[in-house]
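Below is one structure, written out as structure tokens; comments come after it.
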Amino acid sequence: MQIPSIDPPHRLLMGPGPINANPRVLRAMSAPLVGQYDPVMTEYMNQVMTLYRGVFNTNNQATFLVDGTSRAGIEAVLVSLIKPGDKVLVPIFGRFGHLLCEIAERCQANVATLEVPWGEVFKPEVIEKAIREEQPSLVAIVQGDTSTTMCQPLEEIGRICREHDVLLYTDATASLAGNPFNMDGWHIDAATAGLQKCLAGPAGSAPTTLSERAVQRIRCRESVEAGLRAPDANASGNRILSNYFDIAMILDYWGEKRLNHHTEATSMLYAAHECARLLIEEGMSNAIARHKQHGDAMMHGIRAMGLSLFGDLSHRMNNVLGVYIPEGVDGERIRASLLNDFAIEIGTSFGPLHGRIWRIGTMGYNARRDTVLTTLSALEQVLRQAGVAITAGSGVGAALEFYGDAH
């Protein structure tokens, strides 16, 4: 049996992620491999740490990559910060809040949850009340949840957590670089992301940053593997429950000790390096403004087509839009037509929103004028073929008017 080489079709990925990687990132990934302790490689690692301090808007020394998709970063932070029996508060406003809850439970935490209906976000006073009642050591919350397209304000939550001496972790996978994020100014203690959204890369690397408070919590449980530690040294009796995701050991690998932990995913480090370099070159405020401009253009076009938008739009992420599927329309058939006829992918949804909304993304390399106009034009055509009454050219026209007004 002869298996052909990989030759994927062209797709314009306009869903909630992953997105089309920037061609410059793909070119960086094709660079030659070097050894993990080659001075060239360790210098690239140092550059990555510097670059992502700029992306996260932080001075944290502990800024590095966890090898794996964004979920690897989430799990590494939670398993490293949580000791069995710790009380953890997880405010849930979408699917990925439930993910944080599940991972915390697997870390053997005593998890308390808060929930609001999908399409809403939390008021700071609600979280403060729960902190007073539950007395957690850690609050874990998503910033931008693509399942609901909502972006949770964090500034007041960070201040509240600091006042109550509670660590704050946020999953910024879907929001970082497309929405404002101020790691230090908002008193966030730990944050993780992924490349496959607004950072314009492929999935497979999880940028991570930790405050000194978080590092101290982790260092209390540090240990060295049997094959590396001195013969007379003992393993920690309270060591982190994962080896691969042990951030204390990962920090020693990325730090001056260069203590072997794993073999760095070289091509993914190249990708992460180029993703961050391009963002810093553009300017983080400019990148966020770009996501807002094209996200708003998409929103104006969708509204002009007579489609309804989901959720509290005052807290909508810049880079993902929830769109109600019109009454009587087969949402999956529309998605299939877009893919088969126009090579454009938009997203379905989960849980209580499954079959009710589409999710349309304008993020990373795809946060561009041409991708917005192309998607609106194609969506109009497939909806008209499905019998939806839409004025021809209304979506593209509204977006073009918005772009004209924006200038």
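The values are calculated or read from the model by the stated rules, or taken from the named source; none is laboratory data. Model, not experiment: these values are computed from the prediction. With ideal geometry, Cβ positions are generated from the backbone for all residues, glycine too; neighbour counts draw on all protein chains shown. To get the accessible areas, we keep the full protein, side chains included, count just its heavy atoms, and leave off ligands, DNA and RNA. Shrake-Rupley method; radii C 1.70, N 1.55, O 1.52, S 1.80 Å.
Tabulated data
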quantity: Anisotropy class of segment 71-215 from Cα gyration tensor, a/c 1.5 cut; calculated: rounded
quantity: Accessible area (Å², per residue) of the chain, counting only protein heavy atoms and a probe of 1.4 Å; calculated: 42 Å²
quantity: Projected label distance in nm at Glu125 and Arg159, using a 7 Å step from Cα toward the beta-carbon; calculated: 1.4 nm
quantity: Antiparallel content of DSSP bridges confined to the chain, in %, to 5; calculated: 50 percent
quantity: Percent RCO, i.e. relative contact order, over segment 265-325, from Cα pairs under 8 Å lying at least 6 residues apart; calculated: 29 percent
quantity: Structure-based [θ]222 nm, the chain - -39500 (n - 2.57) summed over DSSP H runs of at least 4, per residue, nearest 500; calculated: -13000 deg cm²/dmol
quantity: Nearest-ten-degree value, helix 394-406 long axis tilted from longest Cα axis of the chain; calculated: 60 degrees
quantity: In the chain, lysine pairs with alpha-carbon atoms under 24 angstrom apart (chain gap of 8 or more, or interchain); calculated: 5
quantity: Helix 266-282 axis, angle to the chain major axis (alpha carbon atoms, nearest 10°); calculated: 60 degrees
quantity: Rel. contact order, % - alpha carbon contacts under 8 angstrom, at least six apart, segment 248-407; calculated: 25 percent
quantity: Within the accessible area of segment 109-248 (1.4 Å probe), percent carbon and sulfur; calculated: 47 percent
quantity: For the chain: relative contact order, % (alpha-carbon pairs under 8 angstrom, 6 or more apart); calculated: 22 percent
quantity: GNM top mover of Asp312, Asp341, Asp171 - the chain, alpha-carbon springs below 10 Å; calculated: Asp341
quantity: For the chain, size of Cβ-based charge dipole, Lys and Arg +1, Asp and Glu -1, in debye; calculated: 280 debye
quantity: FRET efficiency, 1/(1 + (r/R0)^6) with R0 45 Å, evaluated for Ile280 and Asn260 via beta carbons; calculated: 0.90
quantity: Stretchable slack from Tyr37 to Ala289, in nm (0.36 nm times residue separation minus alpha-carbon distance); calculated: 86.9 nm
quantity: Sulfur and carbon atoms: percent of accessible area, segment 332-407 [1.4 Å]; calculated: 49 percent
quantity: Full-stretch length increase - Arg24, Lys87 - with 0.36 nm per residue and alpha-carbon distance subtracted; calculated: 18.3 nm
quantity: Residue with peak Gaussian network fluctuation, the chain [Cα springs, cutoff 10 Å], from Val388, Val372, Val79; calculated: Val388
